[in-house]
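Down below is the structure, laid out as structure tokens.
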Amino acid sequence: MKKFFVTSMGILVLFGAVLFLGRALAFAETCQVVSITSEKAGTADRIIITPDKITVPPGSCVVFMNWVRNDKVRVSFRENVKECKLTLDANAGFGLAVGEECYLTDYLTRGKTASMYFTSPGVFKYTLDMEGKPSVKTEGVIEVK
């Protein structure tokens with residue numbers, strides 16, 4: 001009986017919160033973190049992104065978090081820029097590159113973040129590179145659906 005009462009009260013509190021706070025609580029937005037790390041393979045560096053492909057619903061943000069110790073990393077969206085402009089409501093740490101028509105960050109030091117907020121469906125490919133190491137790159141995909 002006590003378990004039934006606790007469960008019933010929990011449902012009533014949740015229902016009341018949805019009524020009080022409205023749709024924002026019922027259809028909460030999500031935020032996915034992309035962790036950026038690196039490893040050495042012999043003398044070469046390698047960027048690792050986890051996860052490298054993510055799927056999020058519209059109304060979600062994606063946060064890029066740099067954990068690379070001794071190098072700076074840049075995130076850039078060079079494909080689908082037109083679609084990116086149409087689907088992005090807000091971003092932090094990204095800017096439009098002059099003459100390139102792409103979204104990119106400054107080089108991020110360890111612990112720095114950059115984020116994008118996606119409002120519409122689409123598939124968005126991005127590239128990460130290390131400052132001063134043009135051959136060290138990796139790619140990821142964000143699917144909004």
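Rule-based calculations on the coordinates, nothing more; no lab input. As the structure is a computational prediction, the values presented were derived from the model and not from experiment. Note: ideal-geometry Cβ built from the backbone for every residue, glycine included; neighbour counts use all protein chains shown.
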- Message: Just want the ordering: LEU96, LEU128, LEU104, from fewest to most Cβ atoms lying within 10 Å of their own Cβ.
- Response: LEU96, LEU104, LEU128
- Item | Spacing of the two label points (7 Å from each Cα toward its C-beta) at LEU96 and GLU131, in nm | 2.6 nm
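With charges set only on the Cβ (+1 for Lys and Arg, -1 for Asp and Glu), what does the dipole of region 29-144 come to about its Cα centre, in debye to the nearest 20? The partial results should precede the final answer.
Numbers: 14 positive and 15 negative charges, 67 e Å.
Using Cβ point charges on Lys, Arg, Asp and Glu, region 29-144 gives about 320 debye.
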- Query: So what J values fall out for region 62-67 if you push phi through Karplus, 6.51 cos²θ - 1.76 cosθ + 1.60 with θ = phi - 60°, rounded to Hz, Gly and Pro as x?
  - Reply: 10, 10, 9, 10, 8, 10
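Which value does Rg/Rh take for region 29-144 over its C-alpha atoms, Rh per Kirkwood?
Working: Rg = 13.6 Å, Rh = 14.2 Å.
With Rh from the inverse mean 1/r over Cα pairs, Rg/Rh is 0.96.
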